[in-house]
Amino acid sequence: MADRPASEKTHPPTAERLRKARREGMIPQSQELPSALILGGLLLAAALAAADLWRWFVLQVHDGLAGRLVDGLSADAFLYLFRTKLTEALWAMAPFMLTAGVGSVLSGVLVGGWQLSPKAIGWKLNRLSPNAGFKQLLSARSAVHVLVALVKLVILVAIIAAYLRDRLGEVLALASATPVGTLAVSVQLVWGLLSRVTIALLAIAAADVLYQKWQYKRQLRMTREEVKEERRSHEASPLVKRRLLTLYFTLVQKRMLRQVPQADVVVTNPTHVAVALKYDAATMDAPTVLAKGADLLCEKIKALAREHGVPIVERPELARTLYASVEVGQTVPEALYVAVAEILATIYRLRGRRQAAGAP
């Protein structure tokens, strides 16, 4: 199907459309969040590992200036020294590399969620098309990226200028400071500057994430015809619906017929309608309909009643009224209390006489 104009796509994407887009690798992405999280993570790692890293660095400088690294240096000793120092350097940089990797992965998960899509990394020749690349370069998304970059640049320059203006005295005092003092002041200045830049980048990244998610939903909007077509594709065929409906009613009838032996009385039409009633004063507020049926189902109810010794009473008008107005599991309405009570009272009297006479 050809792409429809954006003006016709007025419906929000359905859940199936979103799932299909994610399977194809189309997820919202933010270019600002990874850099902000990585920079923030590196600052946190530096704050936690700065003391150990500083001691290691001072030790290496001290050993190098003292000549401890070159005493009796041979080819094997050089290789051993190289491997040792390289391993130490990698261990010293491991927190920073790990933090950068975690920040990069976490940024994608926060924006688009966890999604593994092999289709997204497949080879597609249309990505090499100069025409498509030129259109993407002049698209609205590219314009937004350029605008965000300009706004970010202005904000960062303003933050740096304001911070250095407030610390101008400390910067000028470095000319007469000792090396240790110069290093301490420089570290404080860099730390203060980077922390402010990180906060600004996180704020920009949060705004960019909200925009990317809005743009993602807007890009996947659907036309009215697409929504209808998707609904039709998920709807079952009339034959399947009919079979499911038949199966449902069969299960309902079986469940209902299993309750007939528990009834106190079955009220019949006598040949077209049968309604099974039960009343327990301890648990019920009024007599309850356990089962009902017409024609063939009526005969099944009466057959089960005879098999289990449930009394069958012919009350045509009452049976039709109960069948038409009361569903299975509902209680008898107040207007029919007297009629049903008379039948139940008669059944209870007969049952009491039989029990007194010793009859089954």
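The values are calculated or read from the model by the stated rules, or taken from the named source; none is laboratory data. Given the structure is predicted, the values throughout are model-derived calculations rather than measurements. For neighbour counting, all protein chains shown are included, and Cβ atoms are generated from backbone atoms with ideal geometry for every residue, glycine included.
Some observations on this one:
- Applying a threshold of 8 Å to beta carbon distances and a minimum spacing of six or more residues, or different chains, the list of pairs starting in segment 46-59 at a residue that is outside the structural domain of Thr99 (by TED's automatic domain parsing) and among the β-branched types (Val, Ile, Thr) and ending at one that is surrounded by fewer than 11 Cβ atoms within 10 Å (Cβ to Cβ) and not in a helix (DSSP H, G or I) is empty.
- A single member of Thr178, Thr198 is within 24 Å of His145 (Cα to Cα) and among the hydroxyl-bearing types (Ser, Thr, Tyr), and it is Thr198.
- For first residues located in segment 333-360 and closer than 14 Å to Val310 by Cβ, partners that are in a helix (DSSP H, G or I) and modelled with pLDDT of 80 or more and lie 6+ apart or on another chain with Cβ distances below 8 Å form the pairs Ile343/Leu318.
- Selected residue (criterion: surrounded by the fewest Cβ atoms within 10 Å (Cβ to Cβ)) from residues of segment 203-228 that are assigned to a helix (DSSP H, G or I) and in contact with a His (Cβ under 7 Å, 6 or more places away or on another chain): Arg224
- Of the numbered criteria (1) of a type in the set (Phe, Trp, Tyr); (2) within 20 Å of Arg315 (Cβ to Cβ); (3) under 35 Å from the mean Cα position of the chain (by Cα), the one Tyr279 fails is (3).
- From the options Ala341, Ala281, Ala305, residue that is of a type in the set (A, V, I, L, M) and either crowded, with 18+ Cβ neighbours inside 10 Å or part of a strand (DSSP E or B) (or both): Ala305
- Single match in Ala173, Ala206, Ala236, Ala184 (criterion: at pLDDT 85 or above and either out of contact with any strand residue (DSSP E or B) (no Cβ under 8 Å at 6 or more places or on another chain) or closer than 30 Å to Lys300 by Cα (or both)): Ala206
- Near pairs, Cβ below 6 angstrom, 6+ apart or cross-chain, from segment 159-176 (within 10 Å of Leu193 (Cβ to Cβ)) to any residue that is among the small types (Gly, Ala, Ser): Ile159/Ala200
- The sole residue among Arg127, Arg167 that is surrounded by 11 or more Cβ atoms within 10 Å (Cβ to Cβ) and either of a type in the set (Lys, Arg) or at pLDDT 80 or above (or both) is Arg167.
- Filter result (within 23 Å of Tyr337 (Cα to Cα) and either in contact with a Pro (Cβ under 8 Å, 6 or more places away or on another chain) or basic (Lys, Arg) (or both)) within segment 274-301: Leu277, Lys278, Tyr279, Lys292
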